[in-house]
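Visitor: Structure provided below as structure tokens; questions to follow.
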Amino acid sequence: MSHDATSWAFKQRGLKPATWRVLAVLADRHCPASGCWVDLDHLAEFCEISRPILEKHLYLLERKLLIQCPSFAGPKSGGSGLVSFRLLIEDPAIGQGVRNE
């Protein structure tokens, strides 16, 4: 758990409640040294949403430049197993809040 990541997630504004919850759960599982490794099915279950809905929220978080996931292809990516996410808080130019599109 990273207290810095969790604090950063709590400060984000302009997100829908479910999207914000996904971000907060990822932040709770974030490790500064290795990022955040999660199983998407378990993440969906913990967030109390379906896997397809989870993938839509992850896609939104990527589009808003709050997370990065090289192996995540957006909604309907399918597959299983662990996925690595990086919270974009390390770069001050990126991790200062929700970006306008």
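Visitor: Could you tell me which residue of segment 35-56 is surrounded by the most Cβ atoms within 10 Å (Cβ to Cβ), considering only residues that are touching a residue at least 40 places away in the same chain (Cβ under 8 Å) and of a type outside the set (A, V, I, L, M, F, W, C)?
Guide: Among residues in segment 35-56 that are touching a residue at least 40 places away in the same chain (Cβ under 8 Å) and of a type outside the set (A, V, I, L, M, F, W, C), the one surrounded by the most Cβ atoms within 10 Å (Cβ to Cβ) is Gly35.
Visitor: Could you please find all residues in segment 30-60 being within 10 Å of Leu87 (Cβ to Cβ) and either assigned to a helix (DSSP H, G or I) or under 11 Å from the mean Cα position of the chain (by Cα) (or both)?
Guide: Within segment 30-60, His30, Gly35, Cys36 meet the criteria.
Visitor: Another question, then. What number of residues in segment 41-58 are of a type in the set (S, T, N, Q) and at pLDDT below 95?
Guide: The qualifying residues number 0.
Visitor: For segment 20-74, name all the residues that are closer than 19 Å to Asp4 by Cα and of a type outside the set (A, V, I, L, M).
Guide: Trp20, Arg21, Asp28, Arg29, His30, Cys31, Pro32, Ser34, Gly35, Cys36, Trp37, Gln68
Visitor: A further question follows. Sort out which residues of segment 61-87 are at pLDDT 90 or above, assigned to a loop (DSSP other than H, G, I, E, B), at negative phi and not basic (Lys, Arg), and write them in order of number.
Guide: Listed by number, the list holds a single entry, Leu66.
The values are calculated or read from the model by the stated rules, or taken from the named source; none is laboratory data. This is a predicted model, so every value here is computed, not measured. We place every Cβ from the backbone using ideal geometry, glycine too, and count neighbours over all the protein chains shown.
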